[in-house]
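Everything on this sheet refers to the single structure shown next.
The values are calculated or read from the model by the stated rules, or taken from the named source; none is laboratory data. Everything numeric here is computed off the predicted structure, so don't read it as measured data. Neighbour counts are summed over all protein chains in view; Cβ atoms, including those assigned to glycine, are modelled from backbone coordinates with ideal geometry.
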Amino acid sequence: MAKRTPSAAVRKRILAAVREVEKTGTVTNQSVLKYLQDNKQGASMSDVQTIVKEYREEAEAHAATMSAVPPMPDEVVEMNMKMWSLIWKKADEPVAAIKAYYAAELEKRNLFDAERESDMLIVEADLDAATDRAEKAEAALAEVKESLVNARMEIARLEGRLAERLSFKFISPNELNGEVSDGLRKGENQDDAALAEVALRCEDTEQLDMFGGGPVDTSRNAGANDVAAE
């Protein structure tokens with residue numbers, strides 16, 4: 001009768017169980033089968049025996065091979081260590097150069113960014129100062145315009161009053177005082193309207209005399225012509 005061979009899936013499952021049992025204890029047919037049953041993995045005792053036997057044979061053969069290899073001389077061990085150290089150093093040199101290059105480039109970039117940020121802060125400060133000056137200049141200009149409008153209105157008002165005063169008949173203060181004195185000496189009977197006209201003429205004459213001084217032309221047209229000539 002031919003010997004039964006476990007399938008590939010069964011072999012894989014039993015080998016995994018053997019390795020787990022070996023970590024914690026001695027590998028036996030019973031310990032491996034119990035591990036499989038505890039983890040609800042099916043396998044027959046004959047399959048377990050076959051795989052465990054093969055595993056032990058492979059382990060014994062590996063141990064025999066390793067024991068047959070002579071120990072490596074100390075000189076060879078030292079030479080291998082030096083060789084691997086040199087290989088690692090040579091392999092690391094290009095990497096170190098690349099790292100140094102990119103580190104320098106990164107430092108330059110950071111310096112450039114810092115300078116640009118400083119320039120931006122200076123420009124922003126100048127812009128704020130210029131904006132503040134422009135706002136103050138606009139406010140001052142508005143005040144000047146308002147003052148100019150008020151001055152023009154005042155000049156127009158004064159020119160109107162001057163033109164109104166110049167439209168009256170002008171006489172000198174001495175002549176006006178002489179009229180009043182003569183009238184009082186003669187005892188002329190003057191009504192209220194006449195007195196009011198004399199008082200108005202006296203007031204107008206005194207005010208206009210303050211502008212120029214000296215005798216004033218008694219002609220209405222002469223006063224108006226002088227204003228027009230000016």
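Some observations on this one:
- Set side by side, the residues 60, 75, 146 differ, and just one is surrounded by 10 or more Cβ atoms within 10 Å (Cβ to Cβ), at negative phi and not assigned by TED's automatic domain parsing to the domain that holds residue 20, which is 146.
- Unique match (being in contact with a Leu (Cβ under 9 Å, 6 or more places away or on another chain) and either at pLDDT 85 or above or farther than 30 Å from residue 12 by Cα (or both)) among 95, 123, 48, 77: 48
- Listed by first and then second residue, the pairs with beta-carbon distance under 8 Å, at least 6 apart or on different chains, first residue in segment 151-167 and of a type in the set (D, E, K, R), second at pLDDT below 90, are 165/204; 165/207; 165/208.
Quick grid of which residues meet (1) part of a loop (DSSP other than H, G, I, E, B); (2) without any contact (Cβ under 8 Å) to a residue 40 or more places away in the chain; (3) of a type in the set (Asp, Glu):
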| position | (1), (2), (3) |
| --- | --- |
| 12 | no, yes, no |
| 15 | no, no, no |
| 21 | no, yes, no |
| 43 | yes, yes, no |
| 50 | no, no, no |
